[in-house]
Structure formats: structure tokens, C-alpha cells
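The next block holds one structure in the form of C-alpha cells; read it before the comments.
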Amino acid sequence: MIVFLETLGCSRNQVDSEIMLGKLVAAGHQRTDEPGKAEVIIVNTCGFISTASEEAVDVILDMARFKENGVCQKLIATGCLAQRYKDDAGLLASLPEVDAFLGTAACEQIVDVVEGGESTALVFFPDPNQRKFQDLTIDRELLSKGFAYIKVSEGCNRHCTYCIIPQLRGLQRSRPVDDICAEALSLVEKGVKEIILTAENTTDYGQDLAEPVGLDLVLSSLAKRIAARDKDVWIRFLYTHPGTLGAKIMQVIQSHDNLCAYYDVPIQHAASTTLKRMGRPYTRENLFDLFKMIREVSPGASLRTTLIVGFPGETREEFEILKDFIEQVRFDHLGVFTYSDSDDLKSHGFKDHVPKQIAEERHDILMAAQAKISEQVNERHVGKIYPVLVEENPEEGVYIGRTQFQAPEVDGMTFIYARGLEIGTIVHVRITDAFEYDIAGEMA
Ligand code: SF4
């Protein structure tokens, strides 16, 4: 069968897509990047917030067109939207175009479903807590160039009041360190230049193991084993939790050149009263101390965070505390989301929901404040030389890449004015210009 797969949502979902494609290719099926040529179309959905669910339904309906006037014989919906609404007969019934719905723990069964005979709409939702770890004998089909995500664990043991992920992905299960290292080395063998560790909370890694260990062990093992194979390969980790990001991890980062001094710390808010309602187990003071420690142990480290505005009960004062916090800490990169309500969330039952318009105004105020900070932060890079992973060549004489302080898909980029560079390689660039989010330079 010729298979097209559309991935929505987060890096964990991308890994699931690459696992499914790897299994299908290993079973003799072909992969295409054109839905019009596919006999089977898979949409790996996101269902984290309502806008993501709406987008997933739109994409499914869009792909369904290929069943009418294309060669598509089977349309399969996998991932978090399917898992979130597995008991919602209404939603499943509202998508008769879909031949099979697979939950987040059903990726491993994708070949059976693709090869399965014609039958009524198949629904398959195994318990996410029973999902087996990745079979390393089957190569993932990578969907990104030059970098690759690696999951260090599945699921989450926390209970943030605005989040449904533990129900969708199950409780936390950490992968063996050796599996993570073996997978990373096999990706480096394939020419990957940047390994990005991902999970719901990478720094919670190992707490669920019989003999608990920390992410610092994964990072130091990876750094040594990869450096021995290729010292130019970068290792980055995303989605830390402020409650478990500590000095041990920072010291490991400082002691290995191939570990990016890049701290992605989604704090969600900074007013201690709001954090309490969110179920986030830290205060504004804890956060100040954490970012102060990062900058002391890891001078020059890059800081990223994500925030939610308009959370039920958020007062003008709480919002001002948040705005003041980001102006004091001065993050290199920052994303802001407006609270997304849904009746299956604990926070849905809270009082004083913030009107959408107010939430959007607060979003815009923070993004405007951050745009100024981001440009000033970028100006300090001018005149310096950095290794840059070359990723695109949009036009003659211009390449786009990323430094160690720019993560893919969420941060600004580095424009390189040069000719004859190779995509997927690392070059040294002298920064000549700084913009609101991006920087630019020439070969050093
Ligand atoms: S830490 Fe909170 S926000 Fe993150 S996945 Fe777990 S419950 Fe959701």
C-alpha cells in the first residue's frame, strides 16, 4: 500500500508518526508525501486544546476528499483527538469518512489496521498505561531533516487542572537509559546532527523506575557516547518541569560541549495564587530562584518558557505580576497561549472564567512586551561567531539554520548569507544583524 501520514501537535506525536511509518515501511508498504497518491491516509491528531481538536477535524475532512476523487481507500485517525473522544459516539459518528480510530497506545498495531480487510469503522483504544516501549529493531521514518526527537518517557504523573494529557497518554513510564542511548546512536549513524529529548516532563525522568534515577544520568551517558561517535552532534532537551529541574542537570550541561545550554521551562504563569489554582507546585519566588541558579551555573544559557493567560480567576493584579516577571527575567524565547476551556477539565468547574476578549488582550500585551525583549536579547549576538545547523536554502545566496540557542519549530532562526552550503551540516557563522525574533550573518 502507498501511505501518506499527516502529523499534528507536539514532538511526542511526531515520534509516534515516525514509529508508525517505520513499521509500515518495514512491512513493505511505501511512503508518499502526496495525499493524492496515497491508498491509505493516516492523520495523527492532536486533541490537547479545543483549537487543536478543531484543526484535527478540519484536516481529517480535508483528507477525506481523496477518498472521493483520489486513490485513497482507507482513512485512519490516530492520536490524542481519537483518544480524548473515544467514548464520544457523537464525534466518531460525525466522521463517517474515517475507517479506523486508533488511540495513543495503538501505534504498534498500525500495520494490522492498514492491511486489515474492509469492515465497519474500526475503533481501537488500548490502555495508554499498557503501551510498550518502542521496538528499536525497526527504524523510524524521520519527518525532520538534520534533527530528530527522542522520547525519554511516556505519560505524566502530575495533575495540572487545565490539562488532559495524563488521561490521553497515561501515567509516566521512563525508558531504559540504554534504549535511549542506542536509539540516539542509530540516529547519529543516519547523519542526524541534533538529538532533541522530549517527554511530557523530561526532568521528571526516572522517578517511576524501580531504582529512580534522574535526567542528569541520561544526559551524561548520551553526551559521552555520542561525543565518542561524533563530537559535532548536539543534544538538546525540552519540556523541563520547574519542580524537577535542579543543579545536577545544570552541572552536567556545563561539563559537556555537546549539550545545549538551552533551558525550555514551561512555567505557565508566575503569580503564586494562579499557579496554585493551576495545580503547579511552585511559587513566583521559586521561579526567580530557579532562573537565577540557571544563570549562575550556566552563564549565557538560553531560556524559553510558555505561559497561559486568561486562566479562570486570573485577576488584573495576577496578570500584572506575570508581565512584571517576564520583564524581570527577560526570556530569550517565550510563547503565550490563552486558556482553552473544556468540560472534561478540572479548571472548567472553577469560578470567574475570564472573557475571551480579555484573555486575548492579555496575550497581545505579553507578546508585545516580549518582542522588545527578544530583539534586545538578539542584539547581544551581533559580532559573535556561532555553530549553525543549516536546514533550508529558500533562495540563491540565503540559507536558514539554527544555533544551539534556537530550538526547531518554536524559536527564531538564523539567516546565513552564503553559497554552496550543504543542508544538514553545521557551519560557523559571524552574526551581523539582529531582528525581533531572528538573527542573520555570514560565514566566519
Ligand atoms: S505536567 Fe501538567 S501540563 Fe504537563 S502534561 Fe502533565 S498534567 Fe499536563
Computed log₁₀ I(q)/I(0) - Debye formula, equal Cα scatterers, no solvent, region 385-443, q 0.19, 0.20, 0.21, 0.24 Å⁻¹: -0.56, -0.62, -0.69, -0.92
nm² value of the averaged projected area, convex hull over the Cα atoms of region 147-379: 13.1 nm²
Average Cα contact separation per residue, the chain, under 8 Å, 6 or more apart, as relative contact order %: 10 percent
Hydrodynamic radius (Kirkwood) for region 210-327, which is based on Cα pairs only, to one decimal in Å: 15.6 Å
Part-to-part distance (alpha-carbon centres) for region 289-368 and region 403-418, which is given in Å: 24 Å
Gained length - K384 relative to N286, 0.36 nm times residue gap less alpha-carbon distance: 32.0 nm
Residue (of C46, L8, G28) at the positive-pole extreme of region 1-46, dipole from beta-carbon charges: G28
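If N is the number of residues in the chain, what value comes out of its Cα radius of gyration divided by 2.2 N^0.38 Å?
Taking the Cα Rg and dividing by 2.2 N^0.38 Å, one obtains 0.99.
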Isolated Cys residues of the chain, judged by Cβ distance under 4.7 Å to other cysteines: C10, C46, C72, C80, C107, C156, C181, C260
Around A444: net Lys/Arg minus Asp/Glu count, Cβ-Cβ under 13 Å: +1
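Using Cα pairs under 8 angstrom and six or more residues apart, how large is the relative contact order of region 147-379, in percent?
Values: 401 pairs, mean separation 39.0, N = 233.
Computed value for region 147-379: 17 percent relative contact order.
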Options H256, P312, Y339, ranked by Cα towards positive dipole end of the chain, top entry (Cβ charges): H256
Check: region 310-444 dipole with +1 on Lys, Arg Cβ and -1 on Asp, Glu Cβ, in debye: 420 debye
Cα centre as origin, Lys/Arg/Asp/Glu Cβ charges: the chain dipole, Debye: 1180 debye
Contact order relative to length of region 96-213, as percent, for alpha carbon pairs under 8 angstrom and 6 or more apart: 26 percent
17 Å reach of a label modelled at D135, 7 Å along Cα-to-Cβ, counting backbone N of region 2-29: 16-29
Rounded FRET efficiency, nearest 0.05, which uses the C-beta distance separating R225 from T315 and R0 of 41 Å: 0.25
At most 10 other Cβ within 10 Å, DSSP loop - GluC sites (Glu not before Pro), region 42-132: E118
Cα centroid separation, region 101-176 to region 198-223 (Å): 19 Å
For region 2-129, alpha-carbon Rg relative to the globular expectation (2.2 N^0.38 Å, N residues): 0.94
CD proxy at 222 nm, helix term only [per DSSP H run n ≥ 4: -39500 (n - 2.57); per residue of the chain; nearest 500]: -10500 deg cm²/dmol
Partners for K224 among lysines (Cα-Cα distance below 17 Å; same-chain residues under 8 apart left out): K193, K248
Kirkwood hydrodynamic radius of region 1-54, from inverse mean 1/r over distinct Cα pairs, in Å: 11.7 Å
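Read the figures in this text as sums done on the coordinates, not as results from a lab. Keep in mind that this is a model prediction, so the values were computed, not measured. FYI the Cβ positions are ideal-geometry reconstructions off the backbone, even for glycines, and counts take in every protein chain you see.
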